[in-house]
Amino acid sequence: MQQSLPAGLLQFSLQGRLALITGSSGGIGLALARGLAAAGAAVVLNGRDAGKLEVVARQLRDEGYTIHTSAFDATVSAAVQAGVAAIEGEIGAIDILINNAGIQRRGPLEDFKEADWDALLQTNLSSVFYTAKAVAQGMIKRGRGKIINVCSVQSELGRPNIAPYTATKGAVKMFTKGMAIDWGKYGLQVNGLGPGYFKTEMNMALVADEKFSDWLIGRTPSRRWGDVEDLVGAAVFLSSDASNFVNGHILYVDGGVTASL
């Protein structure tokens, strides 16, 4: 006979909740999708490639999770509005939104291409605005909701050749605080999740760079790269009733990088 969870742990349960995660066909987004599903949530995977989403969805369903897909481009406002409306109309009310879609472009600032600047702004910042605004309409009417914006240690710290990326992630940090201020009165909690350096597809060149890896591990108090699974606990906390009085906060999961010079 299965025992019920202690009252304290029940606060972390996502049973009966529906979560939309943008950019969740791989990397951090996929890890968060699996983690929230394991905590009991039904999860809507999002990305631009419907075929890729369905492959990942089948894998998660085979693991026993309740998974849906919604293919739309989070950088296009009209597509976001249509996608969110379809989810709410056909699947259910969105209880949790994780704005995870993001890209990186590196290069000397004096030579940085305007097209890359525009792409960073549109993907890392505008998509957060479009999706949060669309989802918040329903959350505000229902008087509840959790929004998590994926920030970065680059919301606080810079490095050579990524100034435009740090600009977008710094903006997401402050936008998160602004959302919390404007929407807290409606019963929403809006917080940020700030990953440090993680082993993902976007960072594989850095992982393979022995000199950089040695520098990073020496710079990180936990003395290792992050694994995407390290983010799950923080995401579940920010998605659950356990964080009902946490608002406008950025939770860094970085092995201590932001604490160390």
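The values are calculated or read from the model by the stated rules, or taken from the named source; none is laboratory data. Not measured: the values here are computed from a predicted model. Cβ sites come from the backbone with ideal geometry, for glycine too, and all protein chains shown count toward neighbours. What goes into the accessible areas is simple: the full protein's heavy atoms, side chains included, and nothing from ligands, DNA or RNA. Shrake-Rupley method; radii C 1.70, N 1.55, O 1.52, S 1.80 Å.
Got at least one residue in region 196-203 being open to solvent by less than 20 Å² (accessible area, probe 1.4 Å), aliphatic (A, V, I, L, M) and touching a helix residue (DSSP H, G or I) at 6+ places or on another chain (Cβ under 9 Å)? No - not one qualifying residue is present in region 196-203. Only a single criterion out of (1) among the hydrophobic types (A, V, I, L, M, F, W, C); (2) surrounded by fewer than 22 Cβ atoms within 10 Å (Cβ to Cβ); (3) within 16 Å of the chain's Cα centre (by Cα) is not satisfied by residue 45, namely (2). Consider region 127-183 and keep the residues that are among the aromatic types (Phe, Trp, Tyr) and within 15 Å of the chain's Cα centre (by Cα). The one that is farthest from residue 89 (Cα to Cα) is 175. Restricting attention to region 89-121, the residues that are more than 20 Å from the chain's Cα centre (by Cα) and under 29 Å from residue 16 (Cα atoms) total 4.
For region 204-220, the set of residues classified as over 23 Å from residue 261 (Cβ atoms) and surrounded by 14 or more Cβ atoms within 10 Å (Cβ to Cβ) consists of 207 only.
State which residue is nearest to residue 33 (Cα to Cα) when the search covers only region 121-150 and only residues that are open to solvent by 30 Å² or more (accessible area, probe 1.4 Å) and not in a helix (DSSP H, G or I). Per the criteria, the residue is 144. Under the condition of being open to solvent by 30 Å² or more (accessible area, probe 1.4 Å) and of a type in the set (Val, Ile, Thr), the residues counted in region 233-252 number 1.
Tallying residues that are closer than 18 Å to residue 226 by Cβ and basic (Lys, Arg) within region 20-59 yields 1.
Hey, which of the helices (runs of 4 or more DSSP H) in region 152-248, taking only ones fully inside, have at least 2 residues that are in contact (Cβ under 8 Å) with a residue 12 or more places away in the chain?
163-183, 210-219, 232-239
Filtered by the rule that a residue be open to solvent by 20 Å² or more (accessible area, probe 1.4 Å), assigned to a loop (DSSP other than H, G, I, E, B), touching a residue at least 24 places away in the same chain (Cβ under 8 Å) and farther than 17 Å from residue 29 by Cβ, region 104-113 gives 105, 106, 108, 112.
Out of 11, 15, one residue alone is touching a residue at least 40 places away in the same chain (Cβ under 8 Å), open to solvent by 60 Å² or more (accessible area, probe 1.4 Å) and of a type in the set (S, T, N, Q). It is 11. Would a scan of region 170-178 turn up a residue that is open to solvent by 40 Å² or more (accessible area, probe 1.4 Å) and polar (S, T, N, Q)? Looking for residues that are open to solvent by 40 Å² or more (accessible area, probe 1.4 Å) and polar (S, T, N, Q), one finds none in region 170-178, hence no.
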